[in-house]
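Read through the structure below, which is laid out as structure tokens, and then see the notes.
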Amino acid sequence: MNKFKYYFILLLAGIAMVSCNKGDDDETVVELRDYKEQYLKDNDSIIKYLKTNYIKEVNANYDVVIEKIPSGGTQASIWDQKTYPLKIRKVYNHDVNYEVYYLELRKGTGEAPTNTDKIYASYKGTLLDGTVFDTSYGYGTAFDLFVYTQGAVIDGWGEIFPQFRTGTSTTAANGEITYDNFGAGVMFLPSGLGYFASAQDKIPAYTPIVFSFKLFGLLRLDHDIRINGTTVTADPDGIPDYFEDVNKADNNNGIGYLYDLRDKVRYPNPPAWMVDDTDGDGIADFLDVDDDGDGYTTRFETTKPTDAPVTGISKYYPFDPIPDNPSTPNVDETETYGIPAFGGDYTSPGRLRIHVDKNHHSVK
Ligand SMILES: [Ca+2]
Ligand SMILES: [Ca+2]
Ligand SMILES: [Ca+2]
Ligand SMILES: [Ca+2]
């Protein structure tokens, strides 16, 4: 009991300090708890929430209203209802094996982002008691999912958004864009995949959070880096991240996900499905300027030979064909050839990839 009291006083002192500091910074760290222990608590709270709340409404625009089942109410809980699939994604982070619940209101008909792409999405965030802590009021905003990017979103977003797809869009004469058929869902995140110890404006430390969201659009990114001693510089190789997701066929959990496993704090003992590393040097393909470790960079391997029978605007083979631009009638931008296959005829767009084929390491 004494121990508990002491702990409580410490916590109070911490909170007092936090209050004084408000305004100095967005984030304040109270006290570091164990990720695994916190996850067990959060998971209990989330499951209780799913069993005591129900989906009151999903309107035509895929706005969702979730409310607590009133006492004596007969509404089917989120857990029990069958209208929308309640799914689980397995996530490994900070040495915790998470099972993250999310509702699929609509999958979407377009493309799925990877957890390293940029997305255009709307969202509403609530606590388990229903308090809204933030919302974009249905409007889209751009977000970087890659957790190491300055200003990136929380880890949970990068884990759940790739399970959804963008939709279609039409642009009116006045420039207004209308989105339809987009992916829409709700994710129920344990604090370890949210803000954990960092209390936010309306989110106390160690609080599970709920986001409803719509995925309107995405931007493919290309993240390769050059490592020189302790200096790391961006050096994109022209192959977007989603084409460097090489474990596609092996395990469903790894499709659409790329991880920087040099980060031993987040990923001390990563399972095999998280690895996308052709040459096994510890640097994932999407970060590796020489994926196959043959000593020739992908940039070199995809450079067009000067005598190649190609036209176009780029010094490098495009991953997919580039069409002629009708607004420039005097220039032929057409690049029909993708990155050539080893021994290939340069006419198969983009498929076999010399950058992961260590037997092919020179431009012919
Ligand atoms: Ca790349
Ligand atoms: Ca992967
Ligand atoms: Ca590598
Ligand atoms: Ca290479």
Scanning the range 275-307 for residues that are part of a loop (DSSP other than H, G, I, E, B) and of a type in the set (Asp, Glu) gives Asp276, Asp277, Asp279, Asp281, Asp285, Asp290, Asp291, Asp292, Asp294, Asp307
Counting only residues that are near ligand 3 (Cβ under 6 Å from one of its atoms) and modelled with pLDDT under 90, the range 268-302 contains a total of 0
Residue hits (the range 231-273; within 11 Å of ligand 1 (Cβ to nearest atom) and either assigned to a loop (DSSP other than H, G, I, E, B) or of a type outside the set (Asp, Glu) (or both)) are Ala234, Asp235, Pro236, Asp237, Gly238, Ile239, Pro240, Tyr242, Phe243, Asp245, Leu258
The correct count of residues that are farther than 29 Å from Lys68 by Cα and of a type in the set (A, V, I, L, M, F, W, C) in the range 129-181 is 9
Conditions (1) free of Cβ contacts under 8 Å to residues at least 24 places away in the same chain; (2) closer than 28 Å to Leu287 by Cβ -> Thr116 fails only (1)
Listed by range, strands (runs of 3 or more DSSP E) wholly within the range 98-160 having at least 1 residues that are among the basic types (Lys, Arg) are 118-127
Of (1) polar (S, T, N, Q); (2) surrounded by 19 or more Cβ atoms within 10 Å (Cβ to Cβ); (3) without any contact (Cβ under 8 Å) to a residue 24 or more places away in the chain, Ser136 fails just (2)
- Query: In this structure, does Thr207 turn out to be over 22 Å from Val186 (Cα atoms) and away from ligand 2 (no atom under 11 Å from the Cβ)?
  - Reply: no
Note on the range 256-290: residues more than 12 Å from Asp245 (Cβ to Cβ), among the acidic types (Asp, Glu) and surrounded by 17 or more Cβ atoms within 10 Å (Cβ to Cβ) are Asp260, Asp288, Asp290
query = Would a scan of the range 247-259 turn up a residue that is of a type in the set (Asp, Glu) and either within 16 Å of ligand 3 (Cβ to nearest atom) or under 16 Å from the mean Cα position of the chain (by Cα) (or both)?
reply = no
Only one of Asp324, Asp281, Asp290, Asp285 is charged (D, E, K, R) and within 16 Å of ligand 2 (Cβ to nearest atom), namely Asp285
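The values are calculated or read from the model by the stated rules, or taken from the named source; none is laboratory data. As the structure is a prediction and not an experimental result, all values here were calculated from the model. We place every Cβ from the backbone using ideal geometry, glycine too, and count neighbours over all the protein chains shown.
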